[in-house]
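Accompanying notes for the structure given below.
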Number of protein chains: 2
Amino acid sequence: MQQTVIGIDIGGTNTVFGLVNQSGKIMAHSGIKTQAYAGQNFSVYVQALCEAIQELLADHPTCQLTGIGIGAPNGNIYKGTIEHAPNLSWKGVLPLATMMQETLGAVSVLTNDANAAALGEMLFGNAKELKDFIMITLGTGVGSGIVSGGNLIYGHDGFAGELGHAVIVPNGRQCTCGRQGCLEAYASIRGVLQTLTEVLNTNNTPSSLREMPAEERTPQLIYEAALQGDVIAIETFAQTGKMLGLKLADAANYTSPEAVILFGGIAKAGDFIIHPLKETLEANVHSLYRHKIKILPSALPDNDVAILGSAALIWQHLDSIKTT
Amino acid sequence: MQQTVIGIDIGGTNTVFGLVNQSGKIMAHSGIKTQAYAGQNFSVYVQALCEAIQELLADHPTCQLTGIGIGAPNGNIYKGTIEHAPNLSWKGVLPLATMMQETLGAVSVLTNDANAAALGEMLFGNAKELKDFIMITLGTGVGSGIVSGGNLIYGHDGFAGELGHAVIVPNGRQCTCGRQGCLEAYASIRGVLQTLTEVLNTNNTPSSLREMPAEERTPQLIYEAALQGDVIAIETFAQTGKMLGLKLADAANYTSPEAVILFGGIAKAGDFIIHPLKETLEANVHSLYRHKIKILPSALPDNDVAILGSAALIWQHLDSIKTT
């Protein structure tokens, strides 16, 4: 029998999970559609999830289930709850970890997806040697997991590490959180597309992106245009990188990280974002932190980072139980 | 014999130190003038400091020296060094902890003064029950010590926790660090006096502060005017509180603190600063953190906080050695 955990990633559309060993190898994965249960009671969804997990376990009889790690929006590590998640149909406080633990009989731990991703990077990725770093996930939203002295910063309520909702432009763009000028409003997919529109409106240079209906534009298409030398595309990523660099120059004051690790669709733009990011970071950071902060891409495979992150969460928890 | 530590606070003008027991009682204190040694070799200053400490110890034969805690500008906890401190005459990297340890034969630990103050508050003050809080010292500069999960955040290089140099107004006031718009440029003594000048220039209401030569104005005099109902003084503190509230709303995203503890001359303005601070904080913080963050005054006596903080640093260190 091989000691195995389940890593689960809960998104508004899909829930995916995998059987993961202690080296970070995903032995098998599966999933259910979160949205298919939207109209029903939360317990119906949890029951369906547990059944799907039991099926996967039955197919892998050599895997011994030792724990369950869950990455979920607004996940509270201390209570094992999902709390008022904007993109899930179930509102209020959902005691998911307890429900999973009772049904599957294995210790369950839950945090938000960006925190889980940071742990995944620390156990299996580019942060193996790092004790102080910030993981930033650039996608539909901008998430972050902040590691200090080898420990994830959870804060007193479990909700620390929301760099995406730190303000970068006072009275700036409207953010989905109801406030204005958050980093997320500039560095999420929606934010980058809005920057593209602004660049198109203020710069007359011809661009393949100008001919395209706005609703068809994606960060991937901007990246492809940038690779072709498209000035508008390059400027869009440069502005995104500058915003990230400005905020990271500020973030250094809090936890003085050795590295910032970027993950997600937008991070794929690579040097188109990282060069202006670094330039802006170094130009704006306090001299105490100058030339000290590395900017690294995530080393985890795109499709697996969420599962590996959740698996890392529970492996770390099991490890901490063992040593105390 | 009573187990005792030395808590030392090194400032640009004076160096003060005290014999402190494990309950945070200062049994005796003394000091030397830092500035008197400015033209000489750093080792001459250290020798004088060690001799003054030995004199104090000789006068208290029941005190057994078990460790030395040092709070110093730009203190590096990992290396025990003072590094490029702007307000000391000795430049470069000064290996003070090692020098003290060699001369006095007791384990020495060093960090910056705001970090030490946070530890002092945790061991002896208003943060005894807190595991996640931010200590902010408002004085000549704005310092901060950030505690997360019961541990001070030092960062990878020992220099984390410089909230005073997080930007609050992009392209705003010139800061002493060379950058623009840092919190320190608004909430330090100099910052508050500059705000007072701006308020006087834009508001014609009569004020006792208007008649006073600019160089005679102090936060204490503004406070006394505010107590008399002086509109200009009240507005000056209100603007200072707003700036602090805005930055703390942002800071919550990083470490989600249960409380913010204010210390220093300007914090003495009490509700004149704390009311607008709270109002601005709650109006601007992400909903995840709303109505969760307490604003508390420091519980440590003004004149002793630096010595108690440095003593807390070494007591905590000795405690961690014991338990590992």
- Note on the structure: Applying the gyration tensor rule to the Cα atoms of the range B:85-224 (axes a ≥ b ≥ c; rounded if a/c under 1.5, else prolate if a/b exceeds b/c, else oblate), the class is prolate
- Task: Scan chain B and report its longest stretch carrying no trypsin sites (Lys or Arg not before Pro) that are both in a DSSP loop and have at most 12 other Cβ atoms within 10 Å.
- Result: B:129-324
- B:SER208 - accessible surface, heavy atoms, 1.4 Å probe, Å² rounded to 10: 70 Å²
- Using alpha-carbon positions, the gyration tensor of the range A:229-324 gives root eigenvalues a ≥ b ≥ c; with a/c under 1.5 called rounded, otherwise prolate if a/b exceeds b/c, else oblate, the class is oblate
- Message: If amide hydrogens are placed 1.01 Å from N in the peptide plane, which non-local residues have theirs closer than 5 Å to the one on B:GLN2?
- Response: B:CYS63, B:GLN64
- Task: Compute the accessible area of each residue in the range B:152-180 twice, once for its chain alone and once with every protein chain present, using a 1.4 Å probe on heavy atoms, and list those whose area falls by at least 40 Å².
- Result: B:ILE153, B:HIS156, B:ASP157, B:PHE159, B:GLU162, B:ARG179
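Taking R0 as 60 Å, what's the FRET efficiency between A:SER89 and B:THR202 from their Cβ-Cβ distance, rounded to 0.05?
Numbers: r = 51 Å, r/R0 = 0.85.
It comes to 0.75.
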- Considering only B:ALA312, B:ALA238, B:ALA38, give the residue with the highest GNM mean-square fluctuation for chain B, with springs between Cα atoms whenever their separation is below 10 Å. B:ALA38
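What dipole magnitude, in Debye to the nearest 20, does the range B:200-324 give about its Cα centre under +1 on Lys/Arg Cβ and -1 on Asp/Glu Cβ?
Dipole of the range B:200-324, to the nearest 20 debye: 460 debye.
Full extension from B:THR62 to B:MET27: what is 0.36 nm times the residue separation minus their Cα-Cα distance, to one decimal in nm?
Values: separation 35, 0.36 × 35 = 12.60 nm, distance 1.07 nm.
This chain segment gains 11.5 nm when fully extended.
About its Cα centre, how strong a charge dipole does the range A:126-297 have in debye, to the nearest 20, once Lys and Arg get +1 and Asp and Glu get -1 at the Cβ? List each step's numbers first, then the result.
Working: 14 positive and 17 negative charges, 61 e Å.
For this selection, approximately 300 debye.
So which of A:LYS242/A:LYS294; A:LYS25/A:LYS292; A:LYS268/B:LYS247; A:LYS33/A:LYS91; A:LYS247/B:LYS247; A:LYS292/B:LYS91 end up more than 22 Å apart, counting from Cα to Cα?
Values: A:LYS242/A:LYS294 16 Å; A:LYS25/A:LYS292 32 Å; A:LYS268/B:LYS247 31 Å; A:LYS33/A:LYS91 18 Å; A:LYS247/B:LYS247 13 Å; A:LYS292/B:LYS91 20 Å.
As for pairs spanning more than 22 Å Cα to Cα, those are A:LYS25/A:LYS292; A:LYS268/B:LYS247.
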- When chain A is treated as a Gaussian network with springs between alpha carbons less than 10 Å apart, the largest mean-square fluctuation among A:VAL192, A:VAL285, A:VAL44 is found at A:VAL44
- Query: Angle, helix B:305-323 long axis vs. longest principal axis of chain B, Cα atoms, 0 to 90°, nearest 10?
  - Reply: 50 degrees
- Query: For the pairing of chain A with chain B, what total accessible surface becomes buried, with a 1.4 angstrom probe, in square angstrom to the nearest 100?
  - Reply: 3000 Å²
- Hull volume in cubic angstrom per residue (convex hull over the Cα atoms of the protein assembly as shown): 176 Å³
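In percent, what relative contact order does chain A have, based on Cα pairs under 8 Å that are 6 or more apart in sequence?
Numbers: 663 pairs, mean separation 64.5, N = 324.
Computed value for chain A: 20 percent relative contact order.
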- Message: When a/c reaches 1.5 or more, the comparison of a/b and b/c decides; with that in mind, is the range A:183-224 rounded, prolate or oblate per its Cα gyration tensor?
- Response: oblate
- Item | Cα centroid of the range B:288-324 to Cα centroid of the range A:11-40, whole Å | 43 Å
- Query: For the range A:1-109, what is Rg from Cα atoms divided by 2.2 N^0.38 Å, rounded to two decimals?
  - Reply: 1.02
- Message: At a cut-off of 50 Å², which residues of the range A:251-286 become less accessible once all protein chains are present than in their chain alone, using a 1.4 Å probe?
- Response: A:ASN253, A:TYR254, A:SER256, A:HIS286
- Message: Give me, ordered by chain and number, the residues 5 or more places off A:THR140 or on other chains with an amide H under 5 Å from its own placed amide H.
- Response: A:ILE189
- Query: Solvent-accessible area per residue for the protein assembly as shown at a 1.4 Å probe radius, Å²?
  - Reply: 40 Å²
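Between B:ALA38 and B:ARG190, what is the FRET efficiency for a Förster distance of 35 Å, r being their Cβ-Cβ separation, to the nearest 0.05? Let's see the in-between values first.
Values: r = 22 Å, r/R0 = 0.63.
Rounded to the nearest 0.05, the efficiency is 0.95.
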- Message: To test your reading of the geometry: what angle, between 0 and 90 degrees and rounded to tens, separates the Cα axis of helix B:271-284 from the longest principal axis of chain B?
- Response: 80 degrees
- Note on the structure: Listed by chain and number, the residues whose amide H is under 5 Å from that of B:VAL93, excluding neighbours fewer than 5 places away on the same chain and using placed H, are B:HIS84
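Identify the GluC sites (Glu not before Pro) of the range B:101-144 meeting these criteria: DSSP loop state and at most 14 other C-beta atoms within 10 Å of the C-beta. Walk me through the numbers before you get to the answer.
Values: sites: B:GLU102, B:GLU121, B:GLU129; in loops: B:GLU129.
Filter output for the range B:101-144: B:GLU129.
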- Can you give the convex hull volume per residue for the Cα atoms of the range B:130-297, as a whole number of Å³? 113 Å³
- chain B - convex hull of the alpha-carbon atoms, volume per residue in Å³: 143 Å³
- Task: Quote the accessible area belonging to A:THR202 in square angstrom, nearest 10, computed with a 1.4 Å probe and with ligands, DNA and RNA left uncounted.
- Result: 120 Å²
- Item | J(HN,Hα) series, the range A:228-234, from Karplus relation 6.51 cos²θ - 1.76 cosθ + 1.60, nearest Hz, glycine and proline x | 7, x, 4, 4, 5, 5, 4
- Residue-by-residue Karplus 3J(HN,Hα) for the range A:178-183, coefficients 6.51, -1.76, 1.60, Hz, glycine and proline x: x, 9, 10, x, 5, 3
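Across the residues of A:287-294, average count of Cβ atoms on other protein chains within 10 Å? It would help to have the intermediate numbers written out before the result.
Details: counts 6, 11, 7, 0, 0, 4, 2, 0.
Other-chain Cβ atoms within 10 Å of each residue's Cβ, averaged: 4.
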- In whole Hz, what ³J(HN,Hα) sequence does the range B:252-266 give by Karplus (6.51, -1.76, 1.60; θ = phi - 60°), x for Gly and Pro? 4, 4, 7, 10, 6, x, 7, 8, 10, 10, 9, 9, x, x, 6
- Percent of accessible area on the range B:130-297 owned by carbon and sulfur, 1.4 Å probe? 53 percent
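Compute the relative contact order of the range B:156-275 as a whole-number percentage, counting only Cα pairs closer than 8 Å that sit 6 or more residues apart in sequence. Can you show the working numbers first?
Details: 119 pairs, mean separation 26.6, N = 120.
22 percent.
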- Pick from A:THR205, A:THR236, A:THR137: which residue has the top mean-square fluctuation in a GNM of chain A where Cα pairs under 10 Å get a spring? A:THR205
- Message: How tilted is helix A:42-59 with respect to the longest principal axis of chain A? Cα atoms for both, answer in degrees (0 to 90, nearest 10).
- Response: 70 degrees
- Taking the Cβ of A:VAL147 as the center, what net charge do the other residues with Cβ under 11 Å away carry, scoring Lys and Arg +1 and Asp and Glu -1? -2
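The values are calculated or read from the model by the stated rules, or taken from the named source; none is laboratory data. Keep in mind that what you see is a predicted model, and the values were worked out from it rather than measured. Note: ideal-geometry Cβ built from the backbone for every residue, glycine included; neighbour counts use all protein chains shown. Surface accessibility is based on the protein's heavy atoms, side chains included, excluding ligands, DNA and RNA. Shrake-Rupley method; radii C 1.70, N 1.55, O 1.52, S 1.80 Å.
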